[in-house]
1. Counting only protein heavy atoms and a 1.4 Å probe, tell me what percentage of the chain's accessible area is made up of carbon and sulfur.
2. If I model a spin label at Asp119 and Arg323 as a point 7 Å from the Cα along the Cα→Cβ vector, what separation in nanometres do I get?
3. Based on the alpha carbons, how large is the Rg to Rh ratio for the stretch 75-196 when Rh follows Kirkwood?
4. Compute a Gaussian network model of the chain, connecting alpha carbons closer than 10 Å, and tell me which residue from Gly177, Gly215, Gly88 fluctuates the most.
5. On the first, second and third principal axes, largest extent first, how far apart are the outermost C-alpha atoms of the stretch 212-327 in Å?
6. Taking +1 at the Cβ of each Lys and Arg and -1 at the Cβ of each Asp and Glu, which of Leu83, Val162, Pro208 sits farthest along the dipole of the chain towards its positive end, judged by Cα position relative to the Cα centre?
7. Let me know the charge dipole size of the stretch 167-206 about its Cα centre in debye, to the nearest 20, where only the beta-carbon of Lys, Arg (+1) and Asp, Glu (-1) is charged.
8. Just by accessible area at a 1.4 angstrom probe, what is the order of Phe41, Phe197, Phe205 from largest to smallest?
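The values are calculated or read from the model by the stated rules, or taken from the named source; none is laboratory data. Quick caveat: nothing in here was measured; it's all calculated off a predicted structure. Cβ: placed from backbone, ideal geometry, glycine included. Neighbour counts: every protein chain shown. Ligands, DNA and RNA are excluded from the accessible area calculation, which covers all protein heavy atoms including side chains. Shrake-Rupley method; radii C 1.70, N 1.55, O 1.52, S 1.80 Å.
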Amino acid sequence: MAAIRIRIGTRKSVMALAQTEEIARRLTAAVPGLEVEIVKFETSGDSDQTSKLLQHGGKGGAFVAEIRKAVVSGELQAAMHSLKDMPGNEDTPGLVIGATLSRDPPGDVLVLRAGVLVDDLRRSRGKGFKIGTNAVRRAAYARRLFPEVDVIHYRGAADTRVRKLDSLEMQRLPGGGAVGPADALIMARSGLQRVGFADRIAYEFSIPEMLPAVGQGIVAVECAAQDWQTRRILSAIDDAAAHQSADAEREVLWVLNGHCNSPIAGFSSIDGAQMSLTASVLDEAGGLFIEVSRSGPADRPRELGRAVGLELLAKGAAAIIERSRPV
């Protein structure tokens with residue numbers, strides 16, 4: 001019998017390749033005779049590490065669109081994405097998430113340059129310190145936790161950001177000039193682990209302190225909806241709990257019609273047959289914070305996500321999202 005071969009597209013970053021190689025290992029172990037080819041893409045978000053992601057159409061345009069196009073055209077059978085990079089307010093017709101890996105630790109952490117202590121940040125309320133992040137959500141939470149901190153625009157792959165922090169490198173700005181150097185970075189724990197920098201974690205935010213991005217810690221594999229052979233292959237490595245969480249959290253994004261600049265967070269957990277979901281919308285400038293928590297059957301995740309999203313809208317989330325929408 002001829003071997004089955006699938007081509008999986010991925011970004012070239014150290015973290016993206018580590019995630020895709022993990023998918024390949026799991027697939028070849030689960031499906032005898034399967035051959036997996038990893039195809040590397042240089043996305044616009046990777047080649048331009050100065051501009052804000054909005055200039056590339058948000059995370060979707062920067063990290064997802066080019067690889068998705070190759071799946072739609074048949075050049076690839078599948079694409080690897082960090083779920084948090086997949087736009088939640090838009091779908092690509094003809095594509096589905098064929099598998100999600102079991103969720104990595106979903107939280108955010110602080111990485112500090114030499115000589116900076118977490119206690120210093122706390123005591124000073126952040127005054128005199130610069131925290132680097134490109135995420136509006138992280139910036140909003142950072143200002144809640146350290147009200148006097150200076151949050152600066154900070155781009156780059158996970159390992160690149162740590163290198164820039166350690167070398168006191170200035171971050172170039174889209175319109176010219178530079179900011180920095182940063183004293184600390186807020187990053188995803190799972191990303192640091194993937195690139196071998198877990199030892200740099202100085203402090204781990206609890207979920208209530210800093211609600212993660214929707215889908216953070218989940219690796220998703222996308223494929224063509226009508227490619228039943230690939231869907232069958234991917235189903236062999238699909239983690240049901242992670243998939244249910246992905247469906248619930250992304251439904252919140254869909255209901256809110258969130259865009260790439262929206263300060264939206266969401267996280268779900270499963271206990272037996274029940275799922276709990278918390279989501280928030282933050283007004284970074286005005287300090288307004290709306291949060292909703294609900295529970296429901298784990299096997300009806302989209303219904304739970306829809307209920308949470310609608311309650312957020314009822315509490316005024318739409319106005320916050322519109323204020324943050326790019327002109």
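1. 50
2. 3.7
3. Using only Cα positions, Rg/Rh for the stretch 75-196 is 1.04.
4. Gly177
5. 49, 35, 21 Å, listed from the longest principal axis down.
6. Val162
7. So the dipole magnitude of the stretch 167-206 works out to roughly 140 debye.
8. Reading off the accessible areas and sorting them downward yields Phe197, Phe41, Phe205.
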